[in-house]
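Here is the structure we will look at.
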Ligand code: DOR
Ligand code: ZN
């Protein structure tokens, strides 16, 4: 049986949601990650330091006894976000703020309409050393959904990176070769997260043989040439690319619906799926950098001291997760075999 031991990993992008759901999502992530960047797209969104700190307390309360786990809090940028909001957030140790173009995804209707009006806020973030996390898709209705990431680079990201060369930017959950190549060509201040679903799947896995709503996420899966490029950069050992699952739970009803929600709940098999992907690509020796080193380095944080051991021993992802309120979530990769598992100490 193959075994691999790595520095304990972190998840640099996920959705815990709030209240009752935290009892499910926080232990599912804390079982293998030491830290995770908590996305702020709650209802209402987390728009200031006070809300972020209160949310942090609720997440911490859901960490199982005896486990060490730190959420990394983020602010949700709106048209009204002020430079003072940023300064207060930085003082409260909030490391990053998230830019959702309005309407781009789940709970983003309160987000930013005119990105350039936020330039003074970006300037303050740059001065304060706060990271800008970007959902990089345009939202104009005439733009084809498969082209929205590339269009965002052309319409916004090139300008933002040119105007704010010192601002640290994470291009979140990239899905295209265009995004990977943009990040590669950029300065050391731009990096990207990559999800397991965008490495494992392409749009055929969404649409061939019937619509598969549990593979639907945003940005949407792209064609296989993009998937291959993402795999190449993920296993390349380049420190601009690191782990961010975008694990995002929705109930079964909300996914299997006439207008299904976007998001894959991958927390139950997160590090295991990445191990499988890297193993299949003959690059297990590159997993530790991607999962445990590069994100912390980019955020300017210490790497974790602990280790995590994974064993090559197949198991089946359950078909359903039942919450205490009887609602059900279909996990990502439901009913399918995973090659690796976390070794319990
Ligand atoms: O698929 C997604 N789900 N993409 C996002 O950007 C948001 C997330 C969610 O919050 O459900
Ligand atoms: Zn997300």
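We did not get these values from a lab; they are worked out from the coordinates using the rules stated. The model shown is predicted, which means the values in this text are computed figures rather than measured ones. Heads up, the Cβs are rebuilt from the backbone with ideal geometry, glycines too, and the neighbour counts pull from every protein chain shown.
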Checklist outcome for this item: FRET efficiency (residue 67, residue 43; Cβ distance; R0 22 Å; to 0.05) is 0.20
Next on the checklist: Give me the tail of P(r) for region 106-163 as a percent: Cα-Cα pairs with distance above 13 Å.
Outcome noted: 67
Checklist entry - How would you rank 123, 343, going from fewest to most other Cβ atoms within 10 Å of each one's own Cβ? => result 343, 123
Checklist entry - When only C-alpha pairs under 8 Å and at least 6 residues apart count, what is the relative contact order of region 84-178, in percent? => result 30
Checklist entry - Can you list the equivalent-ellipsoid semi-axes of the chain, largest first and in whole Å, using the square root of 5 times each Cα gyration tensor eigenvalue? => result 28, 23, 22
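Expressed in nm to one decimal, what extension gain is obtained for the pair residue 314 and residue 2 from 0.36 nm per residue of sequence separation less their Cα-Cα distance?
Taking residue 314 through residue 2 to full extension adds about 111.2 nm, to one decimal.
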Checklist entry - For q = 0.21 Å⁻¹, what log10 I(q)/I(0) does region 39-115 give under the Debye formula with an equal point scatterer on each alpha carbon and no solvent? => result -0.90
Next on the checklist: How far apart, in nanometres, would the label points at residue 87 and residue 239 be if each is projected 7 angstrom from Cα along the Cα-to-Cβ direction?
Outcome noted: 3.2
Checklist outcome for this item: A student applying the Cα gyration tensor rule (rounded when a/c is under 1.5; otherwise prolate if a/b is larger than b/c, oblate if not) would label region 172-278 prolate
Checklist outcome for this item: Once normalised by the length of the chain, the mean sequence separation of its alpha carbon contacts under 8 Å that are 6 or more apart gives a contact order in percent of 18
Checklist entry - Which of 98, 222, 326 moves the most in a Gaussian network model of the chain with Cα springs under 10 Å? => result 326
Item to check | Most mobile of 150, 328, 255 in a GNM of the chain (Cα contacts under 10 Å) | outcome: 328
